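Below is one structure; the comments refer to it alone.
Here, each number is a calculation from the coordinates, and none is a lab measurement. Bear in mind that the values here come from a model prediction, so they are computed numbers and not experimental data. When we count neighbours, we look across all protein chains shown, and the Cβ atoms used for this are built from the backbone with ideal geometry, even at glycine.
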Amino acid sequence: MYKWLDERLDLTGLYQKVLRKAFPVHHSFFLGEITLFAFIVLVLTGIFLTLNYEPSIREVKLPDGRAVPAAYGSVLYIDSLPFGAVIRSLHHWSAHVMIAAAFLHMLRILLSGAYKKPRELNYLVGLGLLGLAVVTAFTGYALPYDNYAVTATRIGYGIANSIPWIGGALAQVMFGGEFPGSEKSIPRLFSLHVLWLPLLLMGLIGLHLVIMIKQKHTQPRYAERIAPGKILGVPMYPQQMVMMLILFALYVGIMAMIAGAFLAHPIEAFGPPTPNTPAVKPDWYFLWIYGILQLIPSSWEFRLFGATIGPEFIGGAVVPGILAVVGLLLPFVDTRKDKMRYMELPSEHPVRTSAVLALLVFFLMASLAGYKIDFQQQGYLLGNTAVLWTLVLGAPLLTFFLTYVLMRIFYGEKEKKALE
Amino acid sequence: MYRNDPILPTFALILAAGLFYAAYLDGLHIARLLGHAPEDLSVGQIGLMAFGAVLLLYGLIGLVSYWLEGVELRPGRHFPTPSTAPVAAGVILVLLLTALSGFFVRLLAYSAQTGHNPTWLQGLVFGSISLVVAALFGIYKKFFGRDEVITEEEKGEFPW
């Protein structure tokens, strides 16, 4: 059989050219693979969900006599199927894990300097993938159409709508009209979530992998000693393939257990949308933006070229926009002349390592600010806006200086000894 | 970043345990401020558990990679030494896999007949099936697979 196929398709040529590619070995490369496997599980579980989900807010009657939106009713139906609730929960958890893994993967790239020549373009594609993953997850959030999801999605609608000049058009494209309220919103979000955004994600993931194969991985530093100037690794097939299968099986095993034990979004408990707005927070990956929105005073508003620049736009779009621009410019600012072959050690780059840790602390403190109203209600000191501003701005600065000084003390001495 | 060491994966496992514990504490204290019932997960808990799950997976596969592939690669071929113990372990795992698969099908049939969905048990059994498959692949690679470490020129003709 193999001979028959080989004579016609040159399988041996394919094996030699593609499947014997050297794949460098380092545990940090698995963060990218976890992101990829989360996406694969999202697609597989998503297929099951689309077969049973109804993207409409028309009223339907449940067997117990309650009148609810069809989208909400169809998710209750999915939950009632054998193993249906676990599949939906696995889909939900995989979305969170994909974003978390992509974020940690990006941190690894930042800490090891892997965005430098010749990988600047692939770094930008990766940044785009992280952003797109967040947007795709957001468009799926409202689909169960329960009271909690609708209220949380309304925050995102408000931010999109607040963008000067283009906000109205953007909200129209994403939500198909006012959200909640418009009958077109759920079909629009559904088509974006299950078709257009996943297609774009697949295209970008393909591009990311193809460029990675062409440019090769940044290798662990020891490879320079063993095979200088060459790629040292294991063949893609069968060795790397077996490692990927092990990771995929581990992923499905652990995530199925978590998904079964902790149903992430129990819509029966939240109920269908009502005029009463529940106390909600946006998903954790938007919590830092929500926190900044809590800190910016409502008086920060002015008119510019006929548009209103308000606190919602400043906190929800300008601050994340500044961070995105810094991220986009990074590979063109922190450069090197020669081709980067081996991962840089974080200890050898104290400024960059300190800045990455400071960024992490900024995200944590801004997320904490998202609980401002809750802290205020309990009379905690953390409910004070000035305290939160100090934490959001001061803690990252302190982290930067502390990390830098400690790294200079410990690794600077090491370098001096090595030079001697 | 220097070699495929077990230090970072071990540290990731400890951090994952810390994050899961933080999610538990969040449910006890911070999430309660929002009026969350203990059985509902708050956004903070979900975020902590998502990072905990990624670090748990990363730590586990990092240690598996250290066990199966070593700290540093050396070019050449490495042949496995045949022995009885891995074969016996494989047979036991295959029997366990068969039993778990049968139980999972029985569980689905029970849910379909009664309308009762014990999600934690369904997730546990399905997850266990997958973990047994992972263990079988691990045993195959460690004790039966022929390993090869290769070097390659930087400039390749694939994909262009």
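Working from Cα pairs under 8 Å separated by at least six residues, relative contact order for region A:54-153 is 23 percent.
The charge dipole of the protein assembly as shown, taken about its Cα centre with unit charges on the Cβ atoms of Lys, Arg (+1), Asp and Glu (-1) only, comes to about 1220 debye. What FRET efficiency comes out for residue A:1 versus residue A:51 if R0 is 30 angstrom and r is the Cβ-Cβ distance? Round to the nearest 0.05. Efficiency for this residue pair is about 0.30.
Along the Cα-to-C-beta direction of residue A:170, a point sits 7 Å from the Cα; which residues of region A:306-335 have their amide N less than 20 Å from that point? Once the point is set 7 Å along Cα→Cβ of residue A:170, A:306-329 turn out to lie under 20 Å by backbone N, inside region A:306-335. Entry note, chain A: relative contact order of 21 percent, from Cα contacts under 8 Å with a spacing of 6+ residues.
Taking other Cβ atoms within 10 Å as a rough exposure proxy, A:93, A:196 sort from fewest to most as A:196, A:93. Region A:175-207 and region A:92-115 have Cα centres spaced 23 Å apart. Two tests apply to each whole DSSP H helix in chain A, Cα reach of 20 Å or more along its axis and mean Kyte-Doolittle hydropathy of at least 1.0, and the ones passing both are A:30-52, A:84-112, A:120-141, A:197-215, A:241-261, A:319-333, A:350-369. Extension gain, residue A:178 to residue A:303, is 42.6 nm, computed as 0.36 nm per intervening residue step minus the present C-alpha separation.
Distance from the Cα centroid of region A:268-345 to that of region A:13-91 is 27 Å (rounded to whole angstrom).
In plain terms, the residue of A:202, B:49, A:1 with the fewest other Cβ atoms within 10 Å comes first and the most crowded comes last, giving A:1, A:202, B:49.
Under 5 Å from the amide H of residue B:147 lie the amide H atoms of B:78, each residue being 5 or more positions distant or on a separate chain, with H modelled from the backbone and absent for Pro and chain starts. Model label points for residue A:409 and residue A:393, set 7 angstrom from Cα along the Cα-to-Cβ axis, are 2.8 nm apart. The mean sequence separation of alpha-carbon pairs under 8 Å and at least six residues apart, normalised by the residue count of region A:346-420, gives a relative contact order of 40 percent. log₁₀ I(q)/I(0) of region A:327-416 at q = 0.11, 0.17, 0.18 Å⁻¹, via Debye over equal Cα point scatterers, no solvent, to two decimals? With no solvent term, the Cα-only Debye profile gives -0.47, -0.83, -0.87.
When the helices of the protein assembly as shown are scored as -39500 (n - 2.57) per DSSP H run of n ≥ 4 and the total is divided over every residue, the value at 222 nm lands at -21500 deg cm²/dmol. Note on A:27-34: average number of Cβ atoms from other chains within 10 Å of each residue's Cβ is 6.
Multiplying each eigenvalue of the alpha-carbon gyration tensor of region B:1-73 by 5 and taking the square root yields semi-axes of 34, 9, 7 Å, largest first, rounded to whole angstroms.
Amide H contacts for residue A:219 (H built 1.01 Å from N in the peptide plane; partners 5 or more residues away or on another chain; cut-off under 5 Å): A:342, A:343.
The aspartates and glutamates whose alpha-carbon is closer than 20 Å to the alpha-carbon of residue A:184, local same-chain residues fewer than 8 away aside, are A:54, A:59, A:146. In whole angstrom, chain B maps to an equivalent ellipsoid with semi-axes of 37, 27, 15, each derived as √(5λ) from the alpha carbon gyration tensor and ordered largest first.
Spatially, region B:139-160 and region B:101-137 are offset by 36 Å when compared through their Cα centroids.
For a quick check of your reading of the filter: which trypsin sites (Lys or Arg not before Pro) in region A:279-344 sit in a DSSP loop and have no more than 13 other Cβ atoms within 10 Å? Sites meeting the loop and neighbour criteria: A:336, A:337, A:339.
Each of the trypsin sites (Lys or Arg not before Pro) that DSSP puts in a loop and that has at most 11 other Cβ atoms within 10 Å breaks chain B; the longest unbroken stretch is B:1-145.
For GluC sites (Glu not before Pro), no site in region A:1-81 is both called loop by DSSP and has at most 15 other Cβ atoms within 10 Å.
Site pair residue B:21 and residue A:345 shows an inter-label distance of 3.0 nm when each label is modelled 7 Å from Cα along Cα→Cβ.
Can you tell me the orientation of helix B:7-28 relative to chain B, as the angle in degrees between its alpha-carbon axis and the longest Cα principal axis, to the nearest 10? Once rounded, one gets 10 degrees. FRET efficiency for the residue A:276 to residue B:28 pair, using the beta carbon distance and R₀ = 25 Å, is estimated at 0.40. With the convex hull constructed from alpha-carbon coordinates only, the protein assembly as shown shows a mean projected area of 31.5 nm² over all directions. Working note: Debye formula, equal point scatterers on the alpha-carbon atoms of region B:61-133, no solvent; log10 I(q)/I(0) at q = 0.13, 0.14, 0.16, 0.26 Å⁻¹ is -0.61, -0.67, -0.77, -1.15.
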